[in-house]
Amino acid sequence: MTQDEGWRPTASFDVLRLRAQMLKQLRAFFDARGVLEVETPALSRAGATDRHLASFRIDDAHGSRYLHTSPEYPMKRLLAAGSGDIWQACKVFRADEAGRFHNPEFTLIEWYRVGFDHHRLMREVAELIATLVPSVAGEPEYLTYRAAFQRYAGINPMQTDAVACREVLRIRGNEVPAAHAFDTDGWLDLIAGEIVYPALGHKHVVFVYDFPASQAALARVRPGEPPVAERFEAFVRGVELANGFHELADPGEQRRRFERDLERRRIDNLPMVTMDEQLLQALGQGFPDCAGVALGFDRLVMLAAGAEAIEDVIAFPFDRA
Amino acid sequence: MASYSTSEFKAGLKIIIDGDPYNIIENEFVKPGKGQAFNRVKIRNLRTGKVLDRNMKSGETVEAADVIEMDVQYLYSDGQFWHFMNPENYEQIAADATAMGDAPQWLKGEEECKIMLWNGKPLAVTAPVFAILKVTETDPGLRGDTATGGTKPAKLETGATVRVPLFINEGELIKVDTRTATYAARAKE
């Protein structure tokens, strides 16, 4: 396409019609289950502390705000206030994420189910995917993080180190420049992205669950040998569609994780962000036992449309926005 | 020194990795779930021609490779170096056997070649796509056999050997595709 055509949408109208139809089905799906649709602020005082998430910051005369990277914190405040089951579909923003499966501004479907653990929520995620994309219907497969790595990469991710990970990639012809060192979780992410995840979900939905405790994010950690994070991800045709947690409810542990994130940001020389004190207050009031998940709606539309790139399902991707 | 961030990566960019100059062939942004983002790049080593897959941490920067390509005219070889001239300023450039690669077997003199320079030094020389060369040695052809598609080896005036159709005889000129080192057609003087 020439430069002059830059005003045009990149998605076809057939795909945009499919997208609208899927949004309708989504509303019906949650309506039938009695899950309340909510809206929360896109601009907030607190940002995501996770060092792998880069927030857009907006400055005005009254100070700084962050465009949310997910609606997780305010939705959890609703849950702490007694909302019961809630969901929303909203635009979220992640700086520097652009590629075949990433647009810096994208649509997330996020929902929380009170009384669910991650196993029960995985089943509901499978039902939602099968409802919106009938071509991937069928019995899902459930694999622990450890089993997935053992099956596809031949290593035990709970007992490995940087040297072993580098070797697994080297044997496969994926070398990393000497100057680009990762920590163990970074190496596992690399093996996941290069070897394990691309192999998942070619017949049906595959869930990977029980992550290393060091990758817990906002999931609760189940004690054991080793302890594991009650976190899951869903894959179809090698693409990650959703990430969910049996939600951490302990305000003290949540504060420690925020502080650890900020410390890592400081070490990595990343921008510091304001941690969400209101979330910590809400957790302190008592938080219901629940599980929550975020699902990438654009990728779900890609799947339904058989699209190769995210720009095929978005009217105006970032470089045309 | 110029450098590129992984977010600027695109096909055709020349970068330095582990001390060698590379050309980016493909670039893909990959980010598993909540984890570390990285770029999956397919790159060609401009010294050796080898194609590799590499993973780089997103947000890191890599040094830009000062690589330029220009058209030059082949002059002569002194046995150790091959000498070329830049027709724009008449400057002479000498390339060694490593930079020449397979190119010498297609060169007689005065051909327009492409030379790639890294920090001003020859990295690779590419011969013209087609070379017109005389057959100096080949088995006698089978008379009348022009249709069966059989081939035989033929030695050319530059020392190169290519497979030619059976009807080609010693002393004839042929056109060779230097990219694939294959016979393309009969040629006239």
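What follows is calculated from the coordinates using simple rules that are stated; it is not laboratory data. Everything numeric here is computed off the predicted structure, so don't read it as measured data. Heads up, the Cβs are rebuilt from the backbone with ideal geometry, glycines too, and the neighbour counts pull from every protein chain shown.
With each run of n ≥ 4 DSSP H residues scored as -39500 (n - 2.57), what mean residue ellipticity at 222 nm is computed for the protein assembly as shown after dividing by its residue count and rounding to the nearest 500 deg cm²/dmol? Display every interim value, and only then the final one.
Numbers: 10 runs with 109 residues, N = 510.
The per-residue figure over the protein assembly as shown is -6500 deg cm²/dmol.
Globularity index of the stretch B:1-141 is 1.34 (Cα radius of gyration / 2.2 N^0.38 Å, N = number of residues). With each label modelled as a point 7 angstrom along the Cα→C-beta vector, the A:Leu36-A:Gln159 pair spans 4.8 nm. Listed cross-link partners A:Lys91/B:Lys14; B:Lys114/B:Lys188; B:Lys10/B:Lys34; B:Lys50/B:Lys114; A:Lys24/B:Lys57; A:Lys203/B:Lys42 are compared with a 31 Å cut-off, the Cα-Cα value being larger for A:Lys91/B:Lys14; A:Lys24/B:Lys57. Note on A:Phe316/A:Asp60: beta-carbon distance plugged into 1/(1 + (r/R0)^6) with R0 of 30 Å gives a FRET efficiency of 0.75.
With contacts taken as Cα pairs under 8 Å at a separation of at least 6 residues, chain A carries a relative contact order of 26 percent. Using a cut-off of under 15 Å, list every residue of the stretch B:98-129 whose amide N is near the label point 7 Å from the Cα of B:Thr180 along the Cα-to-beta-carbon line. It comes to B:129, nothing else.
Sort A:280-293, B:60-73 by the packing proxy (mean of other Cβ within 10 Å over each peptide's residues), most packed first.
A:280-293, B:60-73
What's the FRET efficiency of A:Leu23 with A:Ile171 using the Cβ-Cβ distance as r and R₀ = 41 Å, to the nearest 0.05? Computed FRET efficiency for A:Leu23 and A:Ile171 comes out at 0.40. What share of Cα pairs, in percent, lie more than 18 angstrom apart in the stretch B:17-86? The proportion of pairs with Cα distances above 18 Å equals 56 percent.
For chain A, the Kirkwood hydrodynamic radius from C-alpha pairs, put into Stokes-Einstein at 4 °C and a viscosity of 1.567 mPa s, yields a diffusion coefficient of 62 µm² per second. Computed from the C-beta positions of A:Glu259 and B:Glu60 and an R0 of 25 Å, the FRET efficiency is 0.45 to the nearest 0.05. What size of dipole, in debye to the nearest 20, comes out for chain B about its Cα centre when the only charges are +1 on Lys and Arg C-beta atoms and -1 on Asp and Glu C-beta atoms? Magnitude of the dipole: close to 860 debye. With contacts taken as Cα pairs under 8 Å and at least 6 residues apart, the stretch B:1-52 reaches a relative contact order of 27 percent.
Taken over the stretch A:1-43, the percentage of Cα pairs per 5 Å bin, counting from 0 up to the bin with the maximum distance, is 5, 16, 14, 14, 15, 15, 9, 6, 4, 1. Annotation for the stretch A:6-70 versus the stretch B:89-107: alpha-carbon center distance of 58 Å. A viscosity of 1.306 mPa s and a temperature of 10 °C, combined with the Kirkwood radius over C-alpha pairs in the Stokes-Einstein formula, give the stretch A:281-321 a diffusion coefficient of 121 µm²/s. In the stretch A:1-78, the convex hull through the Cα atoms has an average projected area of 9.2 nm², a quarter of its surface area. For the stretch A:51-90, what log10 I(q)/I(0) values come out of the Debye formula at q = 0.20, 0.27 1/Å, with one point per alpha carbon and no solvent? Result of the Debye calculation: -0.76, -0.92.
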